[in-house]
Amino acid sequence: MIAADVLAPADREEAAALIAEPAHEHFWLSGQGTGAALLPQPGMGATQICTGRLNRIVEYEPADLTVTVEAGCQLGVLQEALGAAGQFLPVDYPASGTVGGLVATAAAGPRALGYGSIRERLLGVTAITPEGQLVRSGSRVVKSVSGFDLHRLYCGSFGTLVLIVEATFKLAPLPARHETLGFVGSRSLIAEFAGALLGSQLRPTSLVATGGARSDDGQIVVVIEGGAARVQRLDQEIRTLAVRLALQPDSPPNAIAKEATAGPCLTLQVSAAAARDAFLSPPFPGEVMADFGTGQVVLQLESAPEERNLSALKAQLQPGDSLSYSAEGNTLRRRRLEPGTRELARRIKQALDPNDRLNRGLLETLL
């Protein structure tokens, strides 16, 4: 349900006309609100635009493994349509979330280890500039050499550069076989197992581990997908590696939750090596979940850390790493960037949105 005070254009032309209207000083862009917890509240005087009515599948070419879809289409609806032809968009994102939100946040789920990131699967976008102009970057085919890859710049920009109204993706066939393996053991053995697996020729679909707040023990879940022969081979080799490292099978493997529960929560986006370090020795006490494929670490904290300790943790991050801390409905995001990179981001924003009309002030909270 879209609130009465939120503008919800029915097509991209109407959306462009709304943004071009000078009576609206600046805009707050939203889809279904799936990523709202990651963002601050809209600034005073912002006109909110929701893409919920832009929900059509524009063009689907099963033979080419490509689909073009409007930004307000929910991922669950898209996956159902693709599944009828034996295909899917290989991402881990809420079914109620929108395609636009997926691209705007560059959401990376555990499947990115096996299938690549959403940025790698994004072939092109149609977007609206802060002046209300419709622009296109990329194409609707897998092989293209036209223009600059601005769509990859828009991916992960959190709506600070353009309003995305359409996106084209490279799809994947639905796997013939899906298997989940689980193992338990000490955190050190699990970290060693993950490092050995990532350093080998084996390539699982995802690799996620959890550890309790007051225990050295942990659990790791390995998902493998593909043809029957490939899955069988990976199954045997991964089990052999686990036995060699003295991990015990967890049968059936317990499901690993991807969503944080209530209470203080810290999320780190770091390298795979740093994710293993954080899993072994979390920066604060709490339950930990580490996605070794994408480098995302989620800590469900026992208590809220002091601000100075969060600042100290940020100072230890490597360039490009980020942390997000949520407590009592408020979210703090910090990214460790080199001064030159931070300045480049500001210059891009100034070039594409000089009057800060789209998601005003958000860029600085992301830097």
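Read-outs throughout are calculated quantities, based only on the coordinates presented, and are distinct from any laboratory measurement. Everything numeric here is computed off the predicted structure, so don't read it as measured data. Cβ atoms come from the backbone with ideal geometry, glycine included; neighbour counts cover every protein chain shown.
Take the Cβ-Cβ distance between A196 and A63 as r, set R0 to 41 Å, and report the resulting FRET efficiency rounded to the nearest 0.05.
Once the sixth-power term is evaluated, E becomes 0.55.
Where does the charge balance sit around D356 when Lys and Arg score +1, Asp and Glu -1, over other residues with C-beta under 14 Å from its C-beta?
+1
So which trypsin sites (Lys or Arg not before Pro) in the stretch 257-355 are both in a DSSP loop and have at most 15 other Cβ atoms within 10 Å of their Cβ?
Qualifying residues, ordered by number: K258.
Sequence-distant or interchain residues sharing an amide H contact under 5 Å with F88, placed H: which?
The list, which skips near neighbours in sequence, is A172, L174.
May I ask you to evaluate 6.51 cos²θ - 1.76 cosθ + 1.60, the Karplus curve with θ = phi - 60°, for each residue of the stretch 285-293 and list the ³J(HN,Hα) values in order in whole Hz, giving x for glycine and proline?
x, x, 6, 10, 10, 10, 8, 6, x
Provide the gained length on full extension for the span L332 to R53, in nm with one decimal, where the gain is 0.36 nm per separating residue minus the Cα-Cα distance.
Working it through step by step, the gained length comes to 97.4 nm.
Provide the per-residue ³J(HN,Hα) series for the stretch 74-87, in order, calculated from phi with Karplus coefficients 6.51, -1.76, 1.60 and θ = phi - 60°, each as a whole number of Hz, with x at glycine and proline positions.
3J(HN,Hα) across the stretch 74-87, in whole Hz: 6, 4, x, 5, 4, 5, 5, 5, 5, x, 5, 9, x, 10.
Kindly provide the GluC sites (Glu not before Pro) of the stretch 271-306 that DSSP labels as loop, not H, G, I, E or B, and whose Cβ sees at most 15 other Cβ atoms within 10 Å.
E302, E306
Give me D for the chain in µm² s⁻¹, whole number, from Stokes-Einstein with Rh from the Kirkwood sum over alpha-carbon pairs, 10 °C and 1.306 mPa s.
Once the numbers are plugged in, D ends up at 73 µm²/s.
Using 19 Å as the cut-off for backbone N distance, which residues of the stretch 291-319 belong to the label zone defined by a point 7 Å from the Cα of D250 along Cα→Cβ?
Hits in the stretch 291-319 for D250 at 19 Å: 291-301.
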